Amino acid sequence: MAREVKQQGKKRINLGRVLLLVLIAWVGFAFARNAAANYKLRREIEALEKRIAVLEMRREDLEREIEEWLSPENVEKVAREQLGLVKPGEVVYRLSEPVD
C-alpha cells in the first residue's frame with residue numbers, strides 16, 4: 001500500500017509539472033506574439049513619422065512657393081508679360097517679325 005501512495009504522489013507531481021510547463025509555454029508564446037506585434041507597430045510608427053517629416057518639408061516648400069507667386073514683384077511680372085498690362089504713363093513698344 002505504501003508503494004501505491006508513492007506512485008500516486010509521483011503522478012500528482014508529474015501532472016503538476018506538466019501543467020506548470022504548459023502554463024509557462026503558453027505565457028511565453030503570448031509574450032512572444034505580443035513582442036512581435038509591438039515590433040511591427042514600432043516599425044510602422046517610424047515609417048509614418050518619416051513620411052510626416054517629408055510631407056511637412058513639402059508643405060513648407062509649397063508655402064514658400066505660394067509666397068513667391070503672391071509677391072508684388074511676381075504679380076507685376078505676370079501682369080506685364082502674360083496680360084500685357086502697363087503702368088499709367090508708360091508707353092509700350094512691340095516689335096514684330098516681318099511676315100514673308
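None of the figures in this text is laboratory data; all of them are computed from the coordinates on show. Just so you know, these numbers come straight off a predicted model, no measurement behind them.
To the nearest 10 degrees, how steeply does helix 72-81 sit against the main Cα axis of the chain, on a 0 to 90 scale?
Taking Cα atoms only, the helix is inclined about 60 degrees.
Applying the Karplus parametrisation 6.51 cos²θ - 1.76 cosθ + 1.60 with θ = phi - 60° to the phi angles of the range 19-33, what ³J(HN,Hα) value in whole Hz is obtained for each residue in order, glycine and proline being reported as x?
Couplings: 4, 5, 5, 5, 4, 5, 5, 5, 5, x, 5, 4, 5, 5, 5 Hz.
Please give the per residue volume of the convex hull enclosing the alpha carbon atoms of the range 30-92, rounded to a whole number of Å³.
Numbers: hull volume 4.6 nm³, N = 63.
Convex hull of Cα atoms, per residue: 72 Å³.
What list of ³J(HN,Hα) couplings, whole Hz, do you get for the range 66-71 from phi and the Karplus terms 6.51, -1.76, 1.60, once you set θ to phi - 60° and write x for glycine and proline?
4, 4, 5, 5, 8, 5
With each run of n ≥ 4 DSSP H residues scored as -39500 (n - 2.57), what mean residue ellipticity at 222 nm is computed for the chain after dividing by its residue count and rounding to the nearest 500 deg cm²/dmol?
So the helix-based figure for the chain works out to -29000 deg cm²/dmol.
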